[in-house]
Amino acid sequence: RSNSRKSLGLSKPDQRFHQTSTQGPESPRFCLPACSPRRPACFRLSRTETVVVSENEKVRVPRHVAIIMDGNGRWARERGLARVEGHAEGARAVRDAVETAARIGVEYLTLYAFSVANWARPRGEVEALMRLLVDFAKKERSELRSLGIRVNVIGALEDLPTGTRHAVEDLIRYTADGEKMTLTLALSYGGRQDIVEAARALAVRARAGLVLPEEIDESFFHREMTTRTLPDVDLLIRTGGESRLSDFLLYEAAYAELVFLPIMWPDFKPTTLLESVELFSRKERRFGRTSDQVVRGEAAAFDPLDPAE
Ligand code: FPP
């Protein structure tokens, strides 16, 4: 990694956006912390890279970023390497993405590390992915804890091989006090499966007379899902050139801004995350309202899923 200072080149601020955001762009949570009219914002993306955001510029940082990390296999093939080499390089990109997200003030980062459909991959590849998870859990735990990052899992952790499961459980325990960012690993995860299992759990409770059908609304339903502690996804990024969700966070990404990138996951750099955040920042989030209603500051009927509220 080279020691570089890059300008994001943010051009004219979108005045309308600044006046009308539904989620308080002026609130510190959504501004890059170093932004100030008198001081060009300077961000340390990692130990070696700094990004300069122009004066007077405000960038909203999404609260919850979710990433589909696609393209490891193609990255490896283009270099004449084995697919697992692509995953290993992908794991290095994970480290940088996590650190960058925490530094810029993302509160929740959710990574699609292993889908329920990925069990169908060749055994050697599945085993390599499980080993990479163990390596990640062991090698990164101190760094994660020192950055205040708490690790969480969605999906079926119990489906993982015992060694991997124990390493991940240990990582969850070791980082449990982190308050800066929640890093959620989606493991043996399927969005439809999560919805169906929540429905089944509610049906069982309803049959036992513990839940009334009229009690079940969106947030009640969400409390049955493995994503129950996560708020709605604000920004969903997919690398690898495909424009699909592949069963990721189907319920939680209902109002997410989607960013599809042509680059392969191992080429994802701290600046790639910043550029995606900048794209997000320029969007007007209407949540069903017209643009005029947003400008007038009228409330949305839509109630984002937020377990904290
Ligand atoms: C999809 O790319 C990627 C995966 C199924 C695995 C993602 C895993 C990592 C990034 C590394 C390990 C994760 C952690 C959290 C340490 P693909 O293999 O389908 O790529 P392709 O479409 O080019 O074949």
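All of the numbers you see were taken from the coordinates with simple rules; none came from a lab. Not measured: the values here are computed from a predicted model. We place every Cβ from the backbone using ideal geometry, glycine too, and count neighbours over all the protein chains shown.
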Label point at K180 placed 7 Å out along Cα→Cβ; residues across the range 130-148 whose backbone nitrogen lies under 11 Å: 143-148
Under 5 Å, built H, 5+ apart or other chain: amide partners of A253: V233
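Work out how much length R74 to T162 would gain on full extension: take 0.36 nm times their residue separation and subtract the Cα-Cα distance, in nm to one decimal.
28.7 nm
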Read phi for every residue in the range 126-132 and hand back ³J(HN,Hα) as whole Hz from Karplus 6.51 cos²θ - 1.76 cosθ + 1.60, θ = phi - 60°, with x for Gly and Pro. 4, 5, 5, 5, 5, 5, 4
Mind listing the long-range amide H neighbours of T110? Cut-off is under 5 Å, sequence gap 5 or more, other chains count too, H placed in the peptide plane at 1.01 Å from N. V65, A66, I67, T184
Placed amide H near T239: partners under 5 Å, 5+ positions off or other chain: I68, D70, L261
Calculate, for E143 and E275, the FRET efficiency according to 1/(1 + (r/R0)^6) with r their C-beta to C-beta distance and R0 30 Å; round to the nearest 0.05. 0.80
